[in-house]
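Only the coordinates and a few stated rules stand behind these numbers; no lab work does. Nothing here was measured: the structure is a model prediction, and the numbers come from that model. So basically every Cβ, Gly included, is an ideal-geometry build from the backbone, and we count neighbours across all protein chains shown.
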C-alpha cells in the first residue's frame, strides 16, 4: 500500500527524474499515464509507482524514443516497470529487444543487424526468435495500431525482422518422416507475425512447412491442398472481423479433406460467440508452446492410432 501513497510533490518528482514541471503536467494531461493524489490543499502528490514510471519513461526518451513511443511501449510491456531491475543487464533479451526496437525506429539497419547477431551469439535460436524478434514484431504492430509510429516505421521494421526470421526458417532442416504441413493466413488477414512464429516452432521440431503467408485467394486453397496433400493445414486469424469466415473455411476444408488435420491460431477466435467457440474448439491451437505441443501430440496420436 505504501507505493500507492502520495509522497512527492511536483517539484520534488521533477527534480528526481530531471524533467520540468510543465513537461510533467503535459505528459500527465496528454497520455493519462499518472494518477497523482491530492493533499488537503489540492496539490499533486506522486506515488512511488508514479516515480518508477516516470523514471522509466525519461530513460527511454533520453535514449532516443519519442514520448509517445515510450508511452506505447510502457502500455504494452508484459513485465511490470516496478520489476524491471531483472532486465537491467546489458545483454538480457529484454534490453536487447529495447535497443533493437530503438534502432529499427531510427532506421539504423546496421545497428539492428548487429544487435540481432549479438543476441544469437548469447541465446538459443528459439529464444531469440520467440523472445526478441517475435516480441519486437508484436510490439511494433501494437505501436502502429496505437498511432505512435508511422506506417513507414512499421513497414521498415517488420520487413527487416521478417526477413531475418525467414532466413533462419529456411536454413533449418526438415524431417521427411514427419508430416507435411501448410501454413496460411485467414481471409483478409495482413498480420503474419503469429503464423510466422508458429511455423518456426514447427520447423524447429523438424516438420516440413510450406509457408504461404497472407493474400492467398480462398478458391486457391483447395487446389494447393490437393497438390501438396499435407497432413496438417494451419490457418491464422488475429482480426475479429475475419474469425467467422476463417472458421467456415476450416470447416469446409475438413469436410473436403477428412483425413487432414486442421488447426487455427490467433486471438480472434477467443472473441467468437459461445456457439461458434464451441464449433472452433477442435481446431484451436491455443496461445502457448505448451498448448501447441499438446494439440500436435493429440493429432499425431490420432494418426498413429
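Nearest 5 is fine: what % of DSSP beta bridges in the chain come out antiparallel, could you say? Show your work: numbers first, answer last.
Values: 3 of 19 bridges.
Counting only bridges with both partners in the chain, antiparallel ones make up about 15 percent.
Using alpha carbon centroids, what distance separates segment 19-70 and segment 156-208, in Å?
Result: 41 Å between the Cα centres.
At 7 Å along the Cα-to-beta-carbon direction for both residue 227 and residue 239, put a label point, then send me their distance in nm to one decimal.
2.6 nm
Using Cα atoms only, what is the angle between the long axis of helix 93-105 and the major principal axis of the chain, expressed in degrees (0 to 90) to the nearest 10?
90 degrees
Mark the label point 7 Å from the Cα of residue 15 along Cα→Cβ and return the residues of segment 39-65 whose backbone N is within less than 18 Å of it.
Within reach of a label on residue 15, which here means backbone N under 18 Å from a point 7 Å along Cα→Cβ, segment 39-65 contributes 44-48, 51-52, 55.
If neighbour count is taken as other Cβ atoms inside 10 Å, put 98, 189, 248 in order from fewest to most. It would help to have the intermediate numbers written out before the result.
Working: 98 21, 189 24, 248 15.
Arranged by neighbour count, lowest to highest, 98, 189, 248 become 248, 98, 189.
I need 50, 91, 114 ordered by Cβ neighbour count within 10 Å, fewest first.
Numbers: 50 25, 91 11, 114 14.
By the 10 Å Cβ count, ascending, the order reads 91, 114, 50.
Would you work out if segment 1-62 is rounded, prolate or oblate? Take a ≥ b ≥ c from the square roots of the eigenvalues of the alpha-carbon gyration tensor; rounded if a/c is under 1.5, else prolate when a/b is larger than b/c, oblate otherwise.
On the way: a/c = 1.66, a/b = 1.38, b/c = 1.20.
Prolate, since a/c reaches 1.5 and a/b exceeds b/c.
Rounded, prolate or oblate for the chain? Axes are the square roots of the Cα gyration tensor eigenvalues, ordered a ≥ b ≥ c, and the cut-off for rounded is a/c under 1.5.
Values: a/c = 2.54, a/b = 1.97, b/c = 1.29.
Cα axes put the chain in the prolate bin.
Restricting to DSSP H runs of at least four residues, report the calculated mean residue ellipticity at 222 nm for the chain, -39500 (n - 2.57) per run over all residues, nearest 500 deg cm²/dmol.
Details: 13 runs with 164 residues, N = 305.
Here the helix-only value at 222 nm equals -17000 deg cm²/dmol.
For segment 125-195, just run the numbers: alpha carbon Rg, then divide by 2.2 N^0.38 Å, N being how many residues it has. Spell out each step's value before the answer.
On the way: Rg = 14.2 Å, N = 71, 2.2 N^0.38 = 11.1 Å.
Against the compact-globule rule of thumb, the ratio is 1.27.
Expressed as a rounded percentage, what relative contact order does the chain have, with Cα pairs under 8 Å and six or more residues apart? Let's see the in-between values first.
On the way: 359 pairs, mean separation 30.9, N = 305.
Relative contact order comes out at 10 percent.
Evaluate the distance, in nm, between pseudo-label points positioned 7 Å from the Cα of residue 174 and of residue 25 along their respective Cα→Cβ axes.
Each label point lies 7 Å from its Cα, and together they span 6.3 nm.
Compute the Cα gyration tensor for segment 256-305, then decide on rounded, prolate or oblate, letting a ≥ b ≥ c be the square roots of its eigenvalues: rounded whenever a/c is under 1.5, prolate when a/b is larger than b/c in the other cases, and oblate in all that remain.
Values: a/c = 2.53, a/b = 1.39, b/c = 1.82.
Oblate.
Please work out the FRET efficiency for the pair residue 113 and residue 138, using the Cβ-Cβ distance as r and a Förster radius of 22 Å; give the result to the nearest 0.05. Don't skip to the end; give the middle numbers.
Numbers: r = 20 Å, r/R0 = 0.91.
Using R0 = 22 Å, I get an efficiency of 0.65.
With axes computed from alpha carbons, what is the tilt in degrees of helix 21-31 against the longest principal axis of the chain, rounded to the nearest 10 within 0 to 90?
30 degrees
Using alpha carbons only, how many degrees (0 to 90, rounded to 10) separate the axis of helix 151-171 from the longest principal axis of the chain?
Taking the Cα atoms of the chain, the angle to 151-171 is about 50 degrees.
Grab the beta carbon distance between residue 277 and residue 74, set R0 = 30 Å, and tell me the FRET efficiency rounded to 0.05.
Efficiency computed from Cβ-Cβ geometry: 0.40.
What percent do you get for the relative contact order of segment 187-305 when only Cα pairs under 8 Å and 6+ apart count? Present the calculation step by step, with values, prior to reporting the outcome.
On the way: 117 pairs, mean separation 26.7, N = 119.
Computed over segment 187-305, the figure is 22 percent.
How much FRET efficiency would the formula 1/(1 + (r/R0)^6) give for residue 304 and residue 256, where r is the Cβ-Cβ distance and R0 is 30 Å, rounded to 0.05?
Working: r = 24 Å, r/R0 = 0.78.
Computed FRET efficiency for residue 304 and residue 256 comes out at 0.80.
Only counting other Cβ atoms within 10 Å, I'd like 136, 237 sorted with the fewest neighbours first.
Details: 136 24, 237 28.
So the ranking, lowest neighbour count to highest, is 136, 237.
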